[in-house]
Every structure is written in C-alpha cells, then in structure tokens.
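Data block below; observations after.
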Amino acid sequence: MRSDGSAWNARRWWRSAGFAWAGVRQAYRTQANFRIECWAALLAVAVTLLLGAPLAPVALACALVLSLELVNTALEATVDLVSPERHPLAKLAKDAAAAAVLVASAGALLVAAGTLLPPLLRLLRGA
Ligand SMILES: Nc1ncnc2c1ncn2[C@@H]1O[C@H](COP(=O)(O)OP(=O)(O)OP(=O)(O)O)[C@@H](O)[C@H]1O
C-alpha cells in the first residue's frame, strides 16, 4: 500500500519535473535575456570553481536571477493572454516583474564581485 503510494508519487514528481524542464527549454528558446543569463551563470560558476572561491553565494545568486527571469516570462505570457490590449495595470505588472529581475541581477553582480574579486586580485598579485 505504502510502496504503491510512493511509486505513484515518484511518477507524479517526474511528470512535474518534465513540465518544469519543458518550461526552461521554452524560455531558453524564446527569451534572449534568459539565454544571456544562463551563459553568464555558467561563466560565473566556472570562474568560481577555477578560483577556488566559495560556490554557494554565487550559485544562489545565479539561481535567484534565473528563477526570477522564469517568473517574469510566466507573468509576461499571462498578461499577454488576459490583456492583449494596452492597460496601465498590465504595464505595472510587466514593469514590476522586469524590475525584480533587474534588482536580483544587480545583487548577483555585487555577490560575484565580493566573492570573486579578492581571490582574483590575490592571483594577479601572485603572478
Ligand atoms: N498590455 C500592455 N499594456 C500596457 N503596457 C504594456 C503592455 N504590454 C507591454 N507593455 C509595456 O511595454 C513594455 C514592453 O513589453 P513586452 O511585452 O515587449 O515585454 P518586454 O518587457 O520587452 O519583455 P521581452 O522582451 O522579454 O518580451 C513592458 O515592459 C510594458 O512597459
């Protein structure tokens, strides 16, 4: 009984993960900003590993930016669906969601600078 329930839950989890992955692929295909942020995140993680700097803050900052870009994409699609004509509330929703990505990106840049600059400067001084 219990194992049946677990198996069903695992199947449901994989199904949900598949939908989520489809959302990531769709956003990557259609959103230029998301593509740029994915590659920037990959670069930041690679540099962090190469410098031996702490990975957690950089990974968290990257995940925050990418997650908010996905939410922004979802919100844009929803607004376009429910309000194809122009409306001040539609503008507020889209602009506020875009601002959330901007704020997270600025924070991520600060985190990257604070985490990567000290080991980078040490490396340059030692060279
Ligand atoms: N239905 C609308 N009503 C009022 N203003 C809108 C509406 N749709 C978009 N806008 C305004 O135009 C801007 C550009 O909208 P658009 O739909 O092109 O999204 P975007 O922010 O350029 O995102 P992306 O380029 O990632 O699709 C929005 O940020 C918003 O200020």
Which one of the conditions (1) in the same structural domain as VAL101 (by TED's automatic domain parsing); (2) small (Gly, Ala, Ser); (3) without any contact (Cβ under 8 Å) to a residue 40 or more places away in the chain does ALA17 fail to meet, given that it meets all the rest? (1)
Please name all residue pairs, on different chains or six or more residues apart, with Cβ atoms under 8 Å, provided the first residue is in the range 60-86 and is without any contact (Cβ under 8 Å) to a residue 60 or more places away in the chain and the second residue is within 12 Å of the ligand (Cβ to nearest atom) and of a type in the set (Val, Ile, Thr). VAL65/VAL101; LEU68/VAL101; GLU69/VAL101; ASN72/VAL101; THR73/THR30
If ALA53 meets every condition in (1) in a helix (DSSP H, G or I); (2) modelled with pLDDT of 95 or more apart from one, which number is that one? (1)
Scan ALA112, ALA96, ALA100 and give me the residue that is surrounded by fewer than 13 Cβ atoms within 10 Å (Cβ to Cβ) and either assigned by TED's automatic domain parsing to the domain that holds ALA61 or touching an Asp or Glu at 6+ places or on another chain (Cβ under 7 Å) (or both). ALA96
Could you tell me how many of the residues in the range 27-66 are small (Gly, Ala, Ser) and touching a Pro at 6+ places or on another chain (Cβ under 9 Å)? 2
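The values are calculated or read from the model by the stated rules, or taken from the named source; none is laboratory data. As the structure is a computational prediction, the values presented were derived from the model and not from experiment. All Cβ positions, glycine included, derive from the backbone under ideal geometry; neighbour counts span all protein chains shown.
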